[in-house]
Amino acid sequence: MAEEQETGGWASPDPSMRDGAAPRSGDPAPPAGPGPARPAGPAAPVEPEVPLGPAPILPPAQDVVPRQPQPWPGAYGTAPGHGWNGHQGPPPHPVPYGPPPVKEPWIVETPPGVPYQRMARNRVQRWWRPVAGTFAIVLAGVLALVPIFIGWVLVDIAVSGRDPDALTDPDGPLFGSVNAELGFTLVSVAIFLPFVLLAAPIFQRRRPGTLSSVTGRLRWRWLLLCLGLSVLISIVSFFFSWGASLLVDDTAVAAEEGSWVGWSAFWVPLVLVVLLVPVQATAEEYFFRGWLLQSIGSCTLEGRTGRAARRLGAAFRTPWPAICISGVGFMSLHGYVGWAAGAIFAFAVITGWLTVRTGGLEAAIAIHVMNNVVAFLLPAALGQLSLEQGAIPFPYVVADVLPMVLYAVIAVALARRLKLQTVTGSTPVAQAPVTRE
C-alpha cells in the first residue's frame, strides 16, 4: 500500500514497465513531475491482465455473402453522379467499348490471280453497276460534245468563209472541208476517254488503272514494243493489199488512184492525225476492250442454281462471251456493211483475245493506232481522204484480217517469252471475298 500511495494509486500491470518503462497504449498516463499526492482512498479494481501477442485469426462467417459493387449505368469513363455528357440519366444510346470502327475505303482491290476480263468482279460488284456506268459514260460524253460541236462549226464557218445558211440544208455537209470533218470525228471519240476512266472508281469502286492492265497501270515498255511490231505489220499489210488489188477487177477502184497532193495540202491532215488519232484509238480501246469487256466478263453466273444459268455458266466463265459481245458493239458503231462489217468484227475479236492473253490493252492500242494512222494518212497523201464507210470487196477484207492474225500470234509469243504478267498479283493492297451473283 505504501508503494501505491507513492505512485498516486496507479499500479503497473506489468512489472517490466516499472522504473521508467513506457506505459501501454490505452492506459492513463501518470502525472508528470512532482505534485501533491492523491488522497488516500480505496484502491481501484485491477483489470485482468491481457496477454500480449498477435490477435487471433477468426474464420470468416460462412453465411455472410460479400456485397458486390453495382455497375455504373453511365457512359464509360464518366464519374458516378455526373451522368452522360454532363447530364443526369443514362446515355440515349449504348456506348460501345473498344476502339472506334475503321471506315472502309471506297476503292476495293481486285483479288489475286484474276484474269483481265474479270477484274471488275470485286466484292462490291452488282449487276447494275456496269449498266449504270455505261449509261453515265454515254450521257456525259454526249453532253460534253454539244458545246464542242457548236464551237467547231463556228470556227469552221469563220475559217472557210461559207454561208451560215448552208447549215439549214438537210442534204448539205456540216463542215466546209474534209479536214474539219476529220478533226471533229476524231475529237468526238476522244472526248469519251476521261469519262471511261472516271466510271471505274465511281460505279465499280476500283482504280482506273485496272482498265489498263492486270498490274493496275499502262505498261509503257510493252506498249512501245507493240508499236514497233505494228509498224512492221503495217508494211506487211501494204503488200497484202497490193496483192488483193490484183484480184479485184473494179473500174471504180482503179479510177480512184491518185497522186501526191503536195505538202501544202497534206500538212493539215497530218497534224490532225498525229495529234488526235492516238487519243481516239485509245478511247475506243478503253471503252470496248476495257470497260465493256470487263463489265461483261464480271457476269460469270457463279452461284446461280437455274438450269439455264448452270449451262451458260461454263461459257460465261471464259472470255469469249465478253469478247464477242463487245465486238458486236464495236462493229455497230461503224458504217461498214457486208464483208467490211465482218472485217471490223474480226478486228474487235482479235484485239479482245489479244488483250486477255497479254493481260492489258497495250497491244490492242498499238495496232489500233497504227491501223488508223495508215487508213487516214495514205488516202490524204493521194488526195482521196474520205470518211464515208460502206462495202469493201472480199479480197481486201482478207488482206486486212490476215496481218491482224499474224500480229496477234507474234505479240502473244513475245509476251510469253518476256514472261508478261497476265493475271493480278498475289499480294494486293486489300483482299476481299467476291460476291456471288
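Could you go through the range 325-344 and let me know if any residue there is touching a strand residue (DSSP E or B) at 6+ places or on another chain (Cβ under 8 Å) and either open to solvent by less than 60 Å² (accessible area, probe 1.4 Å) or closer than 29 Å to V114 by Cα (or both).
Looking only at the range 325-344, we keep the residues that are touching a strand residue (DSSP E or B) at 6+ places or on another chain (Cβ under 8 Å), and these are none.
No, that holds for no residue.
Just one of the listed residues (P170, P201) is under 17 Å from the mean Cα position of the chain (by Cα) and either open to solvent by 50 Å² or more (accessible area, probe 1.4 Å) or of a type outside the set (D, E) (or both), namely P201.
Scanning the range 314-363 for residues that are more than 27 Å from the chain's Cα centre (by Cα) and on the phi > 0 side of the Ramachandran plot turns up just one, G338.
Given the criteria more than 30 Å from K419 (Cβ to Cβ) and at pLDDT 95 or above, does V369 qualify? When the stated conditions are applied, V369 does not pass them.
Criterion first (at pLDDT 90 or above, closer than 30 Å to G360 by Cβ and surrounded by 12 or more Cβ atoms within 10 Å (Cβ to Cβ)) does R123 satisfy it? Give the derivation first.
Values: at pLDDT 90 or above: no; closer than 30 Å to G360 by Cβ: yes; surrounded by 12 or more Cβ atoms within 10 Å (Cβ to Cβ): yes.
No, not satisfied.
Scanning the range 171-188 for residues that are of a type in the set (S, T, N, Q) and in a loop (DSSP other than H, G, I, E, B) yields one hit, S177. Looking at this structure, is P164 open to solvent by 30 Å² or more (accessible area, probe 1.4 Å) and within 30 Å of E109 (Cβ to Cβ)? No. Within the span defined as the range 196-211, every residue fails to be basic (K, R) and either in a helix (DSSP H, G or I) or farther than 25 Å from E362 by Cα (or both). Within the range 368-407, the set of residues being assigned to a helix (DSSP H, G or I), more than 36 Å from the chain's Cα centre (by Cα), β-branched (V, I, T) and crowded, with 19+ Cβ neighbours inside 10 Å comprises just one member, V397.
Residues are listed down the side, and each one gets a yes or a no for (1) more than 17 Å from E285 (Cα to Cα); (2) open to solvent by less than 50 Å² (accessible area, probe 1.4 Å); (3) aliphatic (A, V, I, L, M); (4) in a helix (DSSP H, G or I):
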position: R217; (1), (2), (3), (4): no, no, no, no
position: W222; (1), (2), (3), (4): no, yes, no, yes
position: L225; (1), (2), (3), (4): yes, no, yes, yes
position: S230; (1), (2), (3), (4): no, yes, no, yes
position: S234; (1), (2), (3), (4): yes, yes, no, yes
position: F238; (1), (2), (3), (4): yes, no, no, yes
position: G243; (1), (2), (3), (4): yes, yes, no, yes
position: L246; (1), (2), (3), (4): yes, no, yes, yes
position: D249; (1), (2), (3), (4): yes, no, no, no
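In the range 127-184, which residues are in contact with a Gly (Cβ under 9 Å, 6 or more places away or on another chain) and without any contact (Cβ under 8 Å) to a residue 24 or more places away in the chain?
Matches in the range 127-184: I157, V159, S160, G161, R162, A166, F175, G176.
Reported count of residues in the range 335-364, each being part of a helix (DSSP H, G or I) and touching a Pro at 6+ places or on another chain (Cβ under 8 Å), is 4.
The values are calculated or read from the model by the stated rules, or taken from the named source; none is laboratory data. Just so we're clear, the structure is a prediction, and the values are computed from it rather than from any experiment. Reconstructed Cβ throughout: ideal geometry from the backbone, glycine too, with neighbour counts over all protein chains shown. With ligands, DNA and RNA removed, areas are computed over all heavy atoms of the protein, side chains included. Shrake-Rupley method; radii C 1.70, N 1.55, O 1.52, S 1.80 Å.
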